[in-house]
Amino acid sequence: MFAKVKLPEIKLPSFSRKIHYWLPYRDNYRSLIHDNLLLSDVDRITYLRSSLAGDALQEVSSIDLSVANYAVAWKSLESSNENKKVIVKAHLDAVESLKKESYSNQLIGDFDKNLQMLETIGEKPLDWSTILAYMVCTRLDLATLQQ
């Protein structure tokens, strides 16, 4: 027999059209709402709208709240955000935009996070070692580079 444990409430993720956040948002939303058999499609479209902001919300705001329209709204979001090339570009842009600084856990953490996200979509960033080493080195200050 299993003991019932009261787990903390999970906050619904939010998405505002920043493409490098799409995959974590999509996976969380699917797990919590989209694949939840206890919810109706009206519930799903209501949750969907409440979890969107900015351009992503604007994309589905003209779609009426109805059972038939949940699939339309979800498909619209998926089709406009599932472009692998755009996601790869967003993560490379994030690496490119890292601020110049001395070696720090923040710099390396942000760099690693973006590489891991690239791996999750099937890219092989470790095969790009020369380019990536260059990108990291250009973010280091002169004193760190001399060391």
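The values are calculated or read from the model by the stated rules, or taken from the named source; none is laboratory data. Bear in mind that the values here come from a model prediction, so they are computed numbers and not experimental data. Please note: Cβ atoms are built from the backbone with ideal geometry, for glycine as well, and neighbour counts cover all protein chains shown. All accessible areas refer to the heavy atoms of the entire protein, side chains included, with ligands and DNA or RNA removed. Shrake-Rupley method; radii C 1.70, N 1.55, O 1.52, S 1.80 Å.
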Legend entry - For residue 109: the one exception among (1) modelled with pLDDT of 90 or more; (2) under 23 Å from residue 20 (Cβ atoms); (3) among the small types (Gly, Ala, Ser): (1)
Inset, instruction - Kindly provide the set of residues from the stretch 56-75 that are open to solvent by 90 Å² or more (accessible area, probe 1.4 Å) and over 14 Å from residue 40 (Cα atoms), ordered by number. - result: 58, 62, 64, 75
Legend entry - Complete set of residues in the stretch 79-102 that are open to solvent by less than 40 Å² (accessible area, probe 1.4 Å) and assigned to a helix (DSSP H, G or I): 81, 87, 88, 90, 91, 94, 95
Inset, instruction - Could you identify the single residue in 24, 13 that is part of a helix (DSSP H, G or I), touching a helix residue (DSSP H, G or I) at 6+ places or on another chain (Cβ under 9 Å) and either under 25 Å from residue 121 (Cα atoms) or modelled with pLDDT of 85 or more (or both)? - result: 24
Inset, instruction - For the stretch 27-57, name all the residues that are within 14 Å of residue 77 (Cα to Cα), in contact with a helix residue (DSSP H, G or I) (Cβ under 8 Å, 6 or more places away or on another chain) and among the aliphatic types (A, V, I, L, M). - result: 45, 48, 52, 56, 57
Legend entry - Neighbours by Cβ (under 7 Å, 6+ apart or cross-chain): first from the stretch 44-62, at positive phi; second among the charged types (D, E, K, R) and in a loop (DSSP other than H, G, I, E, B): 54/17
Inset, instruction - Return the total of residues in the stretch 58-94 being aliphatic (A, V, I, L, M) and farther than 24 Å from residue 125 by Cβ. - result: 9
